[in-house]
Amino acid sequence: MSAQLFSVNTVAFKCLKTLQDCSTRGFSIGAASLGSVNLKGRSCLTLKDFSSDEIRRLLWVSGDLKHRIKHEKQYLPLLQGKSMAMIFEKRSTRTRMSTETGFALLGGHPCFLTSQDIHLGVNESGTDTARVLSGLCDIVLARVYSHSTLEELDKEASIPIINGLSDFYHPIQILADFLTLQEHYGSLSGLTVSWIGDGNNVLHSFMMTAAKLGVNLKIATPKGYEPERSVIQEAQRLSKEHGTQLVLTSDPMEAAHGSNVLVTDTWVSMGQEEEKKKRLKDFKGYQITMQTGSVAKPDWTFLHCLPRKMEEVDDEVFYSSRSLVFPEAENRKWTIMGLMVSLLTDYTPQIPMQKF
């Protein structure tokens, strides 16, 4: 399948790293000021609903909290007296640990709830669950099978709802990925990210976010495993609006060519176990190796949201100095903290974004 190239014309995009008007109150990008962006009371079901400045603000708050708490050893009980319901229909390592420890580190009380602990969708409707939780806690993170579950919770709740993963989007993973790349490269604008794998929820979130940060996106999926058409159409629109490049292909090497970042994910997600044999056959040739990286840029790096399987990326890449998977996993904590603080408080970052 030949590549489809969208929006190849480059438009002026100011690099975050070189802005000179940064201060402890934020800095201006165009007519908007990140210092004036306020997300308090919002939900986060998909980054499709967030503007460029709002996503940058989330990354700035996340980096600020990481710097102050991890490196300066400050104690910031920004969520003291607040509680969170954590609904998990699907198991998790990073989402649970990052959210639970992060909320507690900020002084709040997280409550972990599995399908066996509550009546969601079984003995109690999503509507009733949302209204009950709105009177018992301050925010809900839900990791669910169906995105419609999140939409129902958000419609009926009077408190913020965070998507901890659904079948359609995984926004909190993408925030961690872009914070990791911001830290490594110093700037996001102009980077090229190549996705090589399944057209899944993580890819959908990349497609709703990359162009807004000035990042080019190249996607290689086997035929029949492309991202959802509606997501492609929105990504095309965003690419044109922000002057970035969007490439769709079925050739992994074509996608990797000239890229800064190679990304993949599991080929067999939870709930797809019965398809494993067919999927492994259909994804033959998609494993990321040093050969894949040989056509990328000299500074190429690798991301994987974990857990990782050997067929997706070999050990030589996964454990190499090019791999950012473990800083990426750690940043799940700092970005979920940044998101929770942003949705629940009027917190203003204390350090310039250039320091991240």
Open item on the list: Against the definition (among the β-branched types (Val, Ile, Thr) and either at pLDDT below 95 or more than 26 Å from residue 254 (Cβ to Cβ) (or both)), how does residue 301 come out, yes or no?
Closed with: no
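Is it the case that some residue within segment 297-312 is assigned to a helix (DSSP H, G or I), crowded, with 19+ Cβ neighbours inside 10 Å and in contact (Cβ under 8 Å) with a residue 24 or more places away in the chain? Reasoning before the result, please.
Applying the first criterion (assigned to a helix (DSSP H, G or I)) to segment 297-312 yields none.
Within segment 297-312 (the criterion being assigned to a helix (DSSP H, G or I), crowded, with 19+ Cβ neighbours inside 10 Å and in contact (Cβ under 8 Å) with a residue 24 or more places away in the chain), the answer is no, since none of the residues qualifies.
Residue by residue, here is whether (1) in contact with a helix residue (DSSP H, G or I) (Cβ under 7 Å, 6 or more places away or on another chain); (2) not hydrophobic (A, V, I, L, M, F, W, C) holds:
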site	(1), (2)
252	yes, yes
257	no, yes
296	yes, no
299	no, yes
Task: segment 196-231: number of residues that are of a type in the set (Gly, Ala, Ser), within 17 Å of residue 312 (Cα to Cα) and under 16 Å from the mean Cα position of the chain (by Cα) - done: 1
Task: For residue 94: the one exception among (1) in contact with a strand residue (DSSP E or B) (Cβ under 8 Å, 6 or more places away or on another chain); (2) under 20 Å from residue 144 (Cα atoms); (3) modelled with pLDDT of 95 or more; (4) not small (Gly, Ala, Ser) - done: (1)
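Can you tell me which residue in segment 313-356 is most open to solvent (accessible area, probe 1.4 Å), limited to those that are in a helix (DSSP H, G or I) and of a type in the set (Lys, Arg)? Let's see the steps before the verdict.
From segment 313-356, those in a helix (DSSP H, G or I) are 315-318, 325-344, 353-355; that's our starting set.
Then keep just the ones that are of a type in the set (Lys, Arg); that gives 332-333, 355.
On the way: 332: 8, 333: 57, 355: 120 Å².
Step by step, filter segment 313-356, then rank; the result is 355.
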- [ ] Go through the residues of segment 37-51 one by one and say whether even a single one is modelled with pLDDT of 95 or more and over 21 Å from residue 157 (Cβ atoms).
- [x] yes
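Name the one entry in 187, 194, 205 that is outside any helix (DSSP H, G or I), open to solvent by less than 10 Å² (accessible area, probe 1.4 Å) and either more than 24 Å from residue 307 (Cα to Cα) or in contact with a helix residue (DSSP H, G or I) (Cβ under 9 Å, 6 or more places away or on another chain) (or both). Walk me through it before giving the result.
Numbers: 187 fails: open to solvent by less than 10 Å² (accessible area, probe 1.4 Å); 205 fails: outside any helix (DSSP H, G or I).
The match here is 194.
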- [ ] Go through the residues of segment 123-130 one by one and say whether even a single one is farther than 25 Å from residue 221 by Cα, assigned to a helix (DSSP H, G or I) and of a type in the set (A, V, I, L, M, F, W, C).
- [x] yes
Task: Scan of segment 121-135 for residues that are surrounded by 18 or more Cβ atoms within 10 Å (Cβ to Cβ) and over 23 Å from residue 109 (Cβ atoms), ordered by number - done: 126
Task: Failed criterion for residue 109 (all others in (1) in contact with a Ser or Thr (Cβ under 6 Å, 6 or more places away or on another chain); (2) modelled with pLDDT under 95 hold) - done: (2)
TODO: Take segment 124-142 and flag every residue that is modelled with pLDDT of 95 or more and hydroxyl-bearing (Ser, Thr, Tyr).
DONE: 134
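Taking the condition of being assigned to a loop (DSSP other than H, G, I, E, B), loosely packed, with under 15 Cβ neighbours inside 10 Å and charged (D, E, K, R), how many residues in segment 50-85 meet it? Explain how you work it out, then say what you get.
Of all residues in segment 50-85, those assigned to a loop (DSSP other than H, G, I, E, B) come to 50-51, 72-82.
Narrowing further to those that are loosely packed, with under 15 Cβ neighbours inside 10 Å: 51, 72-75, 77, 80-81.
Still in the list and also charged (D, E, K, R): 72-73.
Residues that pass the stated criteria total 2.
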Task: Answer residue from segment 136-166, given it is more than 15 Å from residue 43 (Cα to Cα), assigned to a loop (DSSP other than H, G, I, E, B) and free of Cβ contacts under 8 Å to residues at least 60 places away in the same chain and is most open to solvent (accessible area, probe 1.4 Å) among those - done: 146
Task: Hits in segment 321-339 (condition: touching a helix residue (DSSP H, G or I) at 6+ places or on another chain (Cβ under 8 Å), more than 14 Å from residue 178 (Cβ to Cβ) and among the hydroxyl-bearing types (Ser, Thr, Tyr)) - done: 323
- [ ] Search segment 228-242 for residues that are in contact (Cβ under 8 Å) with a residue 12 or more places away in the chain and polar (S, T, N, Q) and pair each with any residue that is assigned to a helix (DSSP H, G or I) and surrounded by 15 or more Cβ atoms within 10 Å (Cβ to Cβ) when their beta-carbon atoms are under 8 Å apart and the residues are at least 6 apart or on different chains.
- [x] 239/211
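The values are calculated or read from the model by the stated rules, or taken from the named source; none is laboratory data. All figures in this text were calculated on a predicted structure; none of them were measured in a lab. Neighbour counts run over all protein chains shown; Cβ positions are idealised from the backbone, glycine included. Accessible surface areas use protein heavy atoms only, side chains included; no ligands, DNA or RNA. Shrake-Rupley method; radii C 1.70, N 1.55, O 1.52, S 1.80 Å.
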